[in-house]
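Colleague: Before we start, here is the structure in question, set down as structure tokens.
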Amino acid sequence: MDYQWPLLYACSSDRLFDGVVKLQSLLALLLLLLYSFGSSEFIVMASTIVNMPLNVGTIKSIDRPSHGKFNPNVLPIRPSISGLPRRHLFVVKASTSDGPIKKLGMSDAECEAAVVAGNIPEAPPVPPIPASPAGTPVITSFDVMRRPRRNRRSPVLRSAFQETSLSPANFVYPLFIHEGEEDTPIGAMPGCYRLGWRHGLLEEVSKARDVEVNSIVLFPKVPDALKTPTGDEAYNDNGLVPRTIRLLKDKYPDLIIYTDVALDPYSSDGHDGIVREDGVIMNDQTVHQLCKQAVSQARAGADVVSPSDMMDGRVGAIRSALDAEGFQHVSIMSYTAKYASSFYGPFREALDSNPRFGDKKTYQMNPANYREAMIELRADESEGADILLVKPGLPYLDIIRLLRDNSPLPIAAYQVSGEYSMIKAGGVLKMIDEEKVMLESLMCLRRAGADIILTYFALQAARCLCGEK
Ligand code: PBG
């Protein structure tokens, strides 16, 4: 009974798509059975498994050790979702050697008999205790039962016990668009551009899709001449956003497009709503405009409309408006807890959307408030929101956790412009390691309870996660 199990390799492309892997494992098992019944040494076959652009599985862990150089932040895969489905060579190698399996020598019974008789085969000696540096105090070890460091002592263990994962599938990439042909750099956000809607934008989306980021959110820079106190350009079916959505959907039908629902890019006052003579932001009249804006975006093909305006009752009103027009399938991501934050500064520069007067404190939340987020949560849930968003991200981790623990709905976190720019600036000044801080901040947003993250780092981070730079 000196039977050696054949060694089985499943060599395919370096993709890790769940379905493909499961199918491959099944095939591999079948082939293993075939082999054990005495069939050929090598079986080579062409697999017809195709990689569907939409069917990209989630990546479960970022602390996956690759042999040799270990980088906890790099996934040893290089996924691509561009291009057509391809065929892959599927090879099962049934032995490590090219010839038939050789008998190594003694049988199991002979080996056991040798050990029983005291002829123990040689093995490496018990390893020596590693030396401590001279001067290390000589002490008796603590008598502690719990030593949590035991579970952190090697990359393999750390990877096995990692609680949170980060994947490009979690990212939504915010993109600024304008009417121009060129891409204009945004001074306060290094690496970000106002993209030309017909060229630069399509290129950026294509790059993102190459690393599995297939969700974007659009922010338009609207010409000043089109801005009015009531922001009517927001629901012009041939305005910049609806036009861009139609172009993107034409080229990438499976791209998930989120849109921002708020009047600020269209308002001559730079506010998210209509401003009355005395400075009051008019709630219900604004919501009326937002409904028209959301319907116009849905008509163009938006998948998820995202009211970021913080008016009362807007989620329910937008839901009814969408449904009345036959857009039952369009989701609403509500900015549930959007705080009146100074972290939005670079964004307002990007869109030239600073309020002309006053601030946004009568509609955005007070950064000092925690319980108030529960009031917004209850309203959004009862009005039919599909996703709840917290904004900003990192300074508001407690709010993300609050929403996570109090709602079964998916939670989104927005890592806003100021958070992005601080990490970029710290990196440029060599005060921090930009890439590591970027990945850590994103992981922390996930740990706090965010399912998806809106982040200007989406492309850069996804490239890191896919082992590209
Ligand atoms: C406006 C809007 C803002 C952001 C997203 N949508 C700015 C604001 O509320 O003034 C900020 C995003 C960022 O800072 O990255 N509706």
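The values are calculated or read from the model by the stated rules, or taken from the named source; none is laboratory data. Nothing here was measured: the structure is a model prediction, and the numbers come from that model. All Cβ positions, even for glycine, are placed from backbone atoms using ideal geometry, and neighbour counts span all protein chains on display. Ligands, DNA and RNA are stripped out before the accessible areas are found, and what is left, the full protein with its side chains, is counted by its heavy atoms. Shrake-Rupley method; radii C 1.70, N 1.55, O 1.52, S 1.80 Å.
Colleague: Sort 427-436, 401-410, 351-360 by packing, meaning the average of other beta carbons within 10 Å per residue, with the highest value first.
Modeller: So the order, starting with the most tightly packed, is 401-410, 351-360, 427-436.
Colleague: Which entries of Lys251/Lys391; Lys338/Lys424; Lys227/Lys249; Lys338/Lys436; Lys360/Lys391; Lys221/Lys292 show an alpha-carbon separation above 21 angstrom in the structure shown? The partial results should precede the final answer.
Modeller: Working: Lys251/Lys391 31 Å; Lys338/Lys424 23 Å; Lys227/Lys249 26 Å; Lys338/Lys436 27 Å; Lys360/Lys391 14 Å; Lys221/Lys292 19 Å.
Pairs exceeding 21 Å: Lys251/Lys391; Lys338/Lys424; Lys227/Lys249; Lys338/Lys436.
Colleague: Work out the FRET efficiency for Val116 and Asn406 from their Cβ-Cβ distance, taking R0 = 41 Å, and round it to the nearest 0.05.
Modeller: Efficiency, from the Cβ-Cβ distance: 0.05.
Colleague: Which residues does the label zone of Ile375 cover in region 295-335, counting backbone N under 18 Å from a point 7 Å along Cα→Cβ?
Modeller: Within reach of a label on Ile375: 309-316, 335.
Colleague: Just subtract the alpha-carbon distance of Ala425 and Glu181 from 0.36 nm times their residue separation and send over the number in nm, one decimal.
Modeller: Once the chain is fully extended between Ala425 and Glu181, it gains 85.0 nm.
Colleague: Moving on. Can you pull the one-decimal nm distance between simple spin-label points at Asp398 and Asn151, each 7 Å off the Cα toward Cβ?
Modeller: The answer from the label model is 2.6 nm.
Colleague: Separate question: With each label point set 7 Å from Cα along the Cα-Cβ vector, what nm distance links Asp386 and Asp108?
Modeller: With each label point 7 Å from Cα toward Cβ, the separation is 5.7 nm.
Colleague: Can you give the FRET efficiency to the nearest 0.05 for Ser320 and Ser342, using r as the Cβ-Cβ distance and R₀ = 41 Å?
Modeller: Values: r = 35 Å, r/R0 = 0.85.
Calculated transfer efficiency: 0.75.
Colleague: Between region 430-445 and region 108-170, how far is it from one alpha carbon centroid to the other, in angstrom?
Modeller: 31 Å
Colleague: Suppose R0 equals 45 Å. What FRET efficiency, 1/(1 + (r/R0)^6) with r the Cβ-Cβ distance, do Ser206 and His288 give to the nearest 0.05?
Modeller: 0.75
Colleague: Probe radius 1.4 Å, ligands and nucleic acids ignored: give me the carbon and sulfur share of the accessible area of region 232-327 as a rounded percent.
Modeller: Looking at region 232-327 in its full context, I get 47 percent from C and S.
Colleague: Here's another thing I want to ask about it. So who's got an amide H within less than 5 Å of the one on Ile432, skipping anything under 5 residues away but keeping other chains? H placed 1.01 Å off N, in plane.
Modeller: Gly427
Colleague: Could you work out how much longer the chain between Asn366 and Gln162 gets when fully extended? Use 0.36 nm per residue separation minus the Cα distance between them, nm to one decimal.
Modeller: Contour length minus the Cα-Cα distance gives 70.0 nm.
Colleague: Can you give the extra length, in nm with one decimal, that the chain gains between Ile432 and Asn238 once fully stretched, where that is 0.36 nm per residue apart less the Cα-Cα distance?
Modeller: Here the answer is 65.4 nm.
Colleague: Per residue, how many Å² of accessible area does region 298-367 show with a 1.4 Å probe?
Modeller: The answer is 38 Å² per residue.
Colleague: How big is the gap, in Å, between the Cα center of region 306-378 and the Cα center of region 238-272?
Modeller: 16 Å
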